[in-house]
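**Q** Below is a structure I'd like to ask you about.
Every number here is computed from the coordinates shown, using simple stated rules; none is lab data. Note that the structure is a prediction, hence the values are computed from the model and not measured. Because the Cβ atoms are built from the backbone with ideal geometry, glycine has one as well, and the counts that use them run over all protein chains shown.
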Amino acid sequence: MEESTILVPEIIEIIPGKQPEYHQVDLARVKSLGDTGLHIGVNPEGGGLVIGKSAPPSARRYISRTQATLYYAVEIDNGLKKEVLKMRDGNGNPSSNGIWVAGKMCTRPVTLFPGAEVDLVPRRNDYRCFLEWAIPQDSLSQQDCNPTSGFQSFVLQGELDASNEKIADLEKAIQQLEINAQYQDVELRQQKKTNENQSKIIGRHYKAVKTLKHWLLGLAAFMVLLGVAALGLDVETIESTIKIIGLLMAALGASGAVKTWMGEGGD
């Protein structure tokens with residue numbers, strides 16, 4: 001029985017009009033770099049893996065200095081710690097165009113294992129640069145080698161987790177909107193009540209001023225009549241004077257006051 005072939009991840013560049021370029025990932029070196037990891041890009045830090053040298057200019061400008069980083073991380077699986085290979089976008093800061101799995105940009109680190117395929121840059125003008133971790137044909141039945149469907153399940157789980165986070169954020173936003181709406185409703189009710197009270201106060205003031213105006217006009221008319229009477233004028237002259245006063249007060253918008261005063265006087 002032949003010994004199983006151990007395959008490692010490769011960075012593959014498909015270049016229009018040229019032979020594909022293969023960059024094998026040195027997993028031992030990645031592990032030795034710790035959290036810093038192996039940087040991948042057009043001019044990666046720390047002498048990382050260079051990509052895009054032969055890419056057409058229209059595609060090269062989409063590749064960042066450090067497009068992605070490979071590193072090992074410890075995860076808990078069924079209560080046991082294990083080291084897994086991961087890829088994150090950029091290095092601390094996201095790259096210009098992200099890393100992609102199944103046509104979707106990944107905003108969180110991607111766990112890699114046999115069957116994984118990650119685009120390092122969006123496909124441009126037939127240029128493609130991607131990481132591929134092939135599955136050895138003679139070990140497809142081994143439990144330590146996950147099939148492609150396992151990687152897809154991981155990607156889907158990551159997308160589900162991201163969706164759940166977005167849903168949780170939306171629920172928080174909705175709750176905050178409801179709280180704000182309640183506060184605004186209370187404020188509107190208080191403002192409405194304040195406006196109603198102010199309207200009542202203004203109405204009472206207007207009524208008081210109007211009443212005072214009527215009384216003053218009536219008093220002025222009464223004083224005029226007293227003056228006329230004191231002069232000893234005849235009845236006919238007095239009636240004419242009253243009519244003139246009534247016309248003047250009506251012109252001033254005070255006919256209602258005169259009627260009120262005369263009615264009260266009649267009583």
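**Q** At a threshold of 8 angstrom on Cα-Cα distance, excluding pairs fewer than six apart, so keeping six or more, what relative contact order does the range 7-105 reach in percent?
**A** Relative CO of the range 7-105 lands at 20 percent.
**Q** For the range 109-124, what does the Karplus curve 6.51 cos²θ - 1.76 cosθ + 1.60, with θ = phi - 60°, yield as ³J(HN,Hα) per residue in whole Hz, taken in order and with x for Gly and Pro?
**A** x, 9, 7, 10, 7, x, x, 6, 8, 10, 7, 7, 9, x, 6, 9
**Q** Subtract the Cα-Cα distance of Ala173 and Glu83 from 0.36 nm times their separation in residues, and report this length gain in nm to one decimal.
**A** Gain on extension, Ala173 to Glu83, equals 28.7 nm.
**Q** Could you pull out the pairs from Lys18/Lys53; Lys53/Lys86; Lys31/Lys81; Lys31/Lys86 whose alpha carbons sit more than 19 Å apart here?
**A** Beyond 19 Å: Lys53/Lys86.
**Q** Of Val84, Ala116, Gly98, whose Cα points farthest to the positive end of the dipole of the range 50-134 (charges on the beta-carbon: +1 Lys, Arg; -1 Asp, Glu; origin at the Cα centre)?
**A** My answer, from the dipole projection, is Gly98.
**Q** OK, next. Given H placed on each backbone N at 1.01 Å, which residues far from Ala68 in sequence or on other chains put an amide H within less than 5 Å of it?
**A** So Ala68 has HN proximity to Ile40, Gly90.
**Q** Can you compute 3J(HN,Hα) from phi for each residue in the range 8-15, using the Karplus curve 6.51 cos²θ - 1.76 cosθ + 1.60 with θ = phi - 60°, rounded to whole Hz and x for Gly and Pro?
**A** With the stated coefficients, the range 8-15 comes to 10, x, 10, 9, 10, 10, 9, 10 Hz.
**Q** Moving on to the next point. Which of the lysines could a cross-linker span from Lys193 if the Cα-Cα distance has to be under 26 Å and same-chain partners fewer than 8 positions apart are dropped?
**A** Lys207, Lys210
**Q** Which lysines have a Cα less than 28 Å from the Cα of Lys213, not counting those fewer than 8 places away in the same chain?
**A** Lys200, Lys243, Lys259
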